[in-house]
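*Asks:* Here it is: the structure, laid out below.
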Amino acid sequence: MHPHHSFHKHRGDRFARREHGMHAGFGHRGWHGGGRGRGFGRFFAHGDLRLVILHLIGEKPRHGYDIIKAVEEMAGGAYSPSPGVIYPTLTLLEDLNYVAVSASSEGAKKLFEITDQGRAFLDANRPSLDALLARMGEVAGARQDRPQILRAMQNLKVALRLKLSSGALTDAQLDAISEMLDETARKIEKA
């Protein structure tokens with residue numbers, strides 16, 4: 001197994017353990033990296049995404065895919081959560097009785113709606129949520145005046161997803177892709 005694969009697997013294991021052992025409150029520190037030099041880093045601090053997801057479900061019942069698209073739109077394309085982040089978070093929110101699967105769900109597509117307990121939790125964390133939504137709005141607003149950059153970022157994201165999902169890549173291919181990305185990042189920093 002290539003070292004990159006084992007890193008992501010173990011990082012995912014740590015994420016799952018941390019998520020299910022969460023404390024009662026959501027984080028309110030914002031995201032790390034914030035576009036400083038080396039990229040966006042972690043877009044959300046621990047717990048922030050859960051609060052945003054709960055907020056979105058509080059607006060209207062939503063499917064997981066709807067949540068992914070809504071978060072991406074709220075962040076102005078700067079961040080798009082993966083299904084591997086969204087669905088375990090929805091399960092956690094359901095376990096905490098903050099959301100429930102709607103009776104109007106169809107087949108495998110679960111429609112989540114907020115519970116009274118979830119709404120009370122949102123109300124109790126309103127200052128943190130408002131600050132988080134304001135920061136997301138700032139990022140989205142700053143990105144809207146750069147459509148050519150957004151287009152290029154979306155193209156890169158799609159190309160990477162397609163390449164990485166096309167099957168097993170050799171170590172040489174992974175190293176070449178990593179080097180191209182690193183080189184591009186260095187060029188952007190100097191531009």
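*Asks:* Quick one: in the stretch 55-68, which of the residues that are surrounded by 15 or more Cβ atoms within 10 Å (Cβ to Cβ) and either assigned to a helix (DSSP H, G or I) or touching a residue at least 60 places away in the same chain (Cβ under 8 Å) (or both) is farthest from the chain's Cα centre (by Cα)? Spell out the reasoning first.
*Replies:* Residues of the stretch 55-68 surrounded by 15 or more Cβ atoms within 10 Å (Cβ to Cβ): 55-58, 61-64, 66-68.
If we keep only those that are either assigned to a helix (DSSP H, G or I) or touching a residue at least 60 places away in the same chain (Cβ under 8 Å) (or both) as well, we get 55-58, 64, 66-68.
Details: H55: 14, L56: 13, I57: 15, G58: 18, G64: 12, D66: 13, I67: 10, I68: 7 Å.
The residue in question is G58.
*Asks:* Continuing with the same structure: Which one is nearest to G47 (Cα to Cα) among residues in the stretch 81-124 that are among the hydroxyl-bearing types (S, T, Y) and surrounded by 17 or more Cβ atoms within 10 Å (Cβ to Cβ)?
*Replies:* Kept after step one, since they are among the hydroxyl-bearing types (S, T, Y), are these residues of the stretch 81-124: 82, 87, 89, 91, 98, 102, 104-105, 115.
In the following step, the residues that additionally are surrounded by 17 or more Cβ atoms within 10 Å (Cβ to Cβ) were identified as 89, 98, 115.
On the way: T89: 10, Y98: 14, T115: 19 Å.
My answer is T89.
*Asks:* Sticking with this structure for a sec: Out of the stretch 102-111, which residues are free of Cβ contacts under 8 Å to residues at least 12 places away in the same chain and under 15 Å from D66 (Cα atoms)?
*Replies:* Those that are free of Cβ contacts under 8 Å to residues at least 12 places away in the same chain and under 15 Å from D66 (Cα atoms): S105, E106, A108.
*Asks:* If A134 satisfies all but one of (1) assigned by TED's automatic domain parsing to the domain that holds K60; (2) part of a helix (DSSP H, G or I); (3) touching a residue at least 40 places away in the same chain (Cβ under 8 Å); (4) of a type in the set (A, V, I, L, M, F, W, C), what's the number of the condition it fails?
*Replies:* (3)
*Asks:* If A185 satisfies all but one of (1) part of a helix (DSSP H, G or I); (2) small (G, A, S); (3) farther than 20 Å from E72 by Cβ; (4) in the same structural domain as K60 (by TED's automatic domain parsing), what's the number of the condition it fails?
*Replies:* Evaluating A185 over (1) part of a helix (DSSP H, G or I); (2) small (G, A, S); (3) farther than 20 Å from E72 by Cβ; (4) in the same structural domain as K60 (by TED's automatic domain parsing) leaves (4) as the failure.
*Asks:* Tell me which residues, restricted to the stretch 137-182, are surrounded by 12 or more Cβ atoms within 10 Å (Cβ to Cβ), modelled with pLDDT under 75 and outside any helix (DSSP H, G or I).
*Replies:* Answer for the stretch 137-182, where residues must be surrounded by 12 or more Cβ atoms within 10 Å (Cβ to Cβ), modelled with pLDDT under 75 and outside any helix (DSSP H, G or I): just R146.
The values are calculated or read from the model by the stated rules, or taken from the named source; none is laboratory data. As the structure is a prediction and not an experimental result, all values here were calculated from the model. Cβ atoms come from the backbone with ideal geometry, glycine included; neighbour counts cover every protein chain shown.
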